[in-house]
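Asks: What follows is a single structure, and I will ask about it in a moment.
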Amino acid sequence: MGVLKRLVIAFVVLIALICVGGLFISPQYEVKRQIEVRSSADYVYQHVADLKAWQKWGVWFKRDPDMKVEYSGASQGVTAKSSWKSETQGSGEMTITHAEPAKMIQYNLYFPDMDMTSIGKMTFTQLDNGNTLIEWSDSGDMGYNIVNRYFTLFLDDMLGPDFEEGLKNLKALTEK
């Protein structure tokens with residue numbers, strides 16, 4: 001058997017193993033981070049339910065000051081929507097779908113470049129000491145796309161640090 005034929009067979013077997021292996025990776029993912037802030041849940045909620053306020057603490061806006069952002073829907077809470085275009089941070093849309101003042105917001109994210117959607121949530125728990133515990137999560141389902149399933153293996157490492165930095169910025173802003 002020729003060397004070229006062996007290489008082709010090895011390549012086909014490798015691709016098959018990658019595809020079959022991808023079927024065993026869970027398509028669901030969740031990234032979650034939290035922080036405690038010295039501020040009321042109501043005050044923290046105000047900085048999150050208003051999507052325009054995200055520019056003061058969101059890490060993506062600091063990385064690309066030239067990001068083009070448009071807002072529509074309600075000024076805050078349910079139906080508030082932001083759409084952005086960025087050369088370095090990508091493009092996307094975020095719409096608040098559920099909001100409970102001083103308790104939580106939930107939003108849908110859509111990234112057209114990757115045709116990917118996810119659900120984000122921020123909860124605010126007022127603690128006995130007067131502080132607020134903020135928990136920020138993002139979850140989704142990659143479906144049957146093998147490449148995207150491999151992508152889920154790295155999402156926590158990719159998105160987690162952004163959540164941590166954003167929460168630190170939100171902490172600094174709400175503790176002023």
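The values are calculated or read from the model by the stated rules, or taken from the named source; none is laboratory data. Since this is a predicted model, take the numbers as computed values, not measurements. Cβ: placed from backbone, ideal geometry, glycine included. Neighbour counts: every protein chain shown.
Asks: Sort out which residues of region 25-49 are under 21 Å from Ser118 (Cβ atoms) and out of contact with any helix residue (DSSP H, G or I) (no Cβ under 6 Å at 6 or more places or on another chain), and write them in order of number.
Replies: Selection gives Ser26, Gln28, Glu30, Lys32, Gln34, Val48, Ala49.
Asks: Let me ask something else. Residues to consider are Tyr110, Tyr71; find the one that is assigned to a strand (DSSP E or B), exposed (fewer than 15 other Cβ atoms within 10 Å of the Cβ), of a type outside the set (Gly, Ala, Ser) and at pLDDT 95 or above.
Replies: Tyr71
Asks: Follow-up question, since we're still on this one. Out of (1) surrounded by fewer than 16 Cβ atoms within 10 Å (Cβ to Cβ); (2) within 17 Å of Val59 (Cα to Cα); (3) in contact with an Asp or Glu (Cβ under 9 Å, 6 or more places away or on another chain), what's the single condition that is false for Pro161?
Replies: Just one mismatch for Pro161, condition (3).
Asks: Can I ask one more? Taking Arg63 as the residue in question, decide whether it is modelled with pLDDT under 90 and among the basic types (Lys, Arg).
Replies: For Arg63, the condition - modelled with pLDDT under 90 and among the basic types (Lys, Arg) - is met.
Asks: I want to confirm something. Restricting to region 15-30 and keeping residues that are assigned to a helix (DSSP H, G or I) and in contact (Cβ under 8 Å) with a residue 12 or more places away in the chain, which single residue is surrounded by the most Cβ atoms within 10 Å (Cβ to Cβ)?
Replies: Ranking the qualifying residues of region 15-30, first place goes to Gly22.
Asks: Evaluate region 42-53: report whether one residue or more is touching a His at 6+ places or on another chain (Cβ under 6 Å), surrounded by 13 or more Cβ atoms within 10 Å (Cβ to Cβ), among the small types (Gly, Ala, Ser) and free of Cβ contacts under 8 Å to residues at least 24 places away in the same chain.
Replies: Yes: region 42-53 contains one or more residues that are touching a His at 6+ places or on another chain (Cβ under 6 Å), surrounded by 13 or more Cβ atoms within 10 Å (Cβ to Cβ), among the small types (Gly, Ala, Ser) and free of Cβ contacts under 8 Å to residues at least 24 places away in the same chain.
Asks: Identify, from the list Thr152, Thr97, Thr125, Thr117, the residue that is of a type in the set (Ser, Thr, Tyr) and buried (at least 17 other Cβ atoms within 10 Å of the Cβ).
Replies: Thr152
Asks: Suppose the filter is surrounded by 15 or more Cβ atoms within 10 Å (Cβ to Cβ) and over 15 Å from Gly166 (Cβ atoms); does Thr132 pass it?
Replies: yes
Asks: Being touching a Pro at 6+ places or on another chain (Cβ under 9 Å), under 17 Å from Gly90 (Cβ atoms) and in a strand (DSSP E or B) narrows it down to one of Gly120, Gly140, so name that one.
Replies: Within the list Gly120, Gly140, the selection yields Gly140.
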